[in-house]
């Protein structure tokens, strides 16, 4: 396995990535924030 450290600014998201660029004030951002405040974060089990 080859690991290489690069600056985070050099990482480009894949165009097919479904994640949205939510900003504070966006309705979906506010909804997500309320859910995290109410339910907390859920972390998956390590593989």
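We did not get these values from a lab; they are worked out from the coordinates using the rules stated. These numbers were taken from a predicted model, which means no experiment stands behind them. Neighbour counts run over all protein chains shown; Cβ positions are idealised from the backbone, glycine included.
The table that follows gives values for the structure above.
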item	result
Chain lengthening between residue 2 and residue 45 when straightened (0.36 nm per residue, less Cα-Cα)	13.0 nm
Residue exposure sequence - 11, 36 - by fewest surrounding Cβ within 10 Å	11, 36
Burial ordering of 5, 33, fewest other beta-carbon atoms within 10 Å first	5, 33
Kirkwood hydrodynamic radius of the chain, from inverse mean 1/r over distinct Cα pairs, in Å	14.2 Å
Principal-axis tilt of helix 27-39 within the chain, Cα atoms, nearest 10 degrees	80 degrees
